[in-house]
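Data block below; observations after.
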Amino acid sequence: MDLKTDTAPIEVLEDLLASRFSCRAFKPDPVPRASIERILTAAQKTASWCNSQPWRLAITSGAATTKFRDLMYGVASSGKLNTGDFPFPREYRGVYLERRRESGFQLYNALGIVRGDKMGYAKQALENFNFFGAPHVAIVHTDEALGVYGAIDCGGYVTSFMLAAQALGIATIPQAALAFHSEVVRQHFGLGDDRRVVCGISFGYPDREHKANSYRTTRASIADTVTFVDE
């Protein structure tokens, strides 16, 4: 990604936020370790409650990514029940349901999956566990004792990670789906029983020619999300 030169910091941030997208098709080329470490160094500056910095990561490359992919794809394909460490949304309703549907149908339309094709939906959902072909996966986990606030801090870290990656021309996709089978993840990486899996981040260089990367989701307006209280 080429950023503008001689621009104000807010403009650089705006460019990164506007250009970042959830990548669903990656090239197989690995990201150099120096670039990964630069992303991690930048993301480590993320603010956290009491500076607890609760995030920890397990990052795969090469054969380790293939091994983890085979495991997760097999588990997801088997119909094994979800064992997430954090409650999933009870339901999507109102505008949240509308936004979810819009995002899903944008993807399906881009891939030529016709509306109502449940087998097509299911097959595409399994691509989460194929990591969309990414050469690397980061599993983000936190301490059980910190509860939901540890997970919130990890959410801030995930955003920092994605923006730092975007600044280096590296694409990302945050994946709650990889936390659906947290016990499998914990066992695979040898994580302690006190660790809670928040999400995964698949990352690498984007395949910009792939149809799955051909669309961009919309964003609500400030008027839809903010109430100004002046008196």
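Only residues that are touching a Leu at 6+ places or on another chain (Cβ under 9 Å), farther than 15 Å from residue 204 by Cα and among the hydrophobic types (A, V, I, L, M, F, W, C): list them for segment 37-87, please.
Let us first name the residues in segment 37-87 that are touching a Leu at 6+ places or on another chain (Cβ under 9 Å), namely 38-40, 42-43, 49, 52, 54, 56-59, 72-73, 76-77.
Retained after the next criterion (residues that are farther than 15 Å from residue 204 by Cα): 42-43, 49, 52, 54, 56-58, 72-73, 76-77.
Once the filter is applied, which keeps residues that are touching a Leu at 6+ places or on another chain (Cβ under 9 Å), farther than 15 Å from residue 204 by Cα and among the hydrophobic types (A, V, I, L, M, F, W, C), segment 37-87 yields 42, 43, 49, 57, 58, 72, 76.
Mind checking whether some residue in segment 94-102 is surrounded by fewer than 18 Cβ atoms within 10 Å (Cβ to Cβ), of a type in the set (Val, Ile, Thr) and either over 19 Å from the mean Cα position of the chain (by Cα) or over 29 Å from residue 36 (Cα atoms) (or both)?
Narrowing segment 94-102 to residues surrounded by fewer than 18 Cβ atoms within 10 Å (Cβ to Cβ): 94-102.
With the extra rule that they be of a type in the set (Val, Ile, Thr), the set shrinks to 95.
Filter again for either over 19 Å from the mean Cα position of the chain (by Cα) or over 29 Å from residue 36 (Cα atoms) (or both), leaving 95.
Yes, because at least one residue in segment 94-102 is surrounded by fewer than 18 Cβ atoms within 10 Å (Cβ to Cβ), of a type in the set (Val, Ile, Thr) and either over 19 Å from the mean Cα position of the chain (by Cα) or over 29 Å from residue 36 (Cα atoms) (or both).
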Count of segment 103-135 residues which are surrounded by 12 or more Cβ atoms within 10 Å (Cβ to Cβ), of a type outside the set (Ser, Thr, Tyr) and over 18 Å from residue 182 (Cα atoms): 16
Residue within segment 141-150 that is modelled with pLDDT of 95 or more, of a type in the set (D, E, K, R), more than 30 Å from residue 208 (Cβ to Cβ) and assigned to a strand (DSSP E or B) present: yes
Residue in segment 29-36 that is over 17 Å from residue 201 (Cβ atoms) and β-branched (Val, Ile, Thr) present: no
Residue match in segment 34-51 (condition: at pLDDT 95 or above, under 29 Å from residue 141 (Cβ atoms), among the charged types (D, E, K, R) and not in a loop (DSSP other than H, G, I, E, B)): yes
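The values are calculated or read from the model by the stated rules, or taken from the named source; none is laboratory data. Because the structure is a prediction, the values reported are computed rather than measured. Methodologically, a virtual Cβ is constructed for each residue, glycine included, from the backbone with ideal geometry; neighbour enumeration extends over all protein chains shown.
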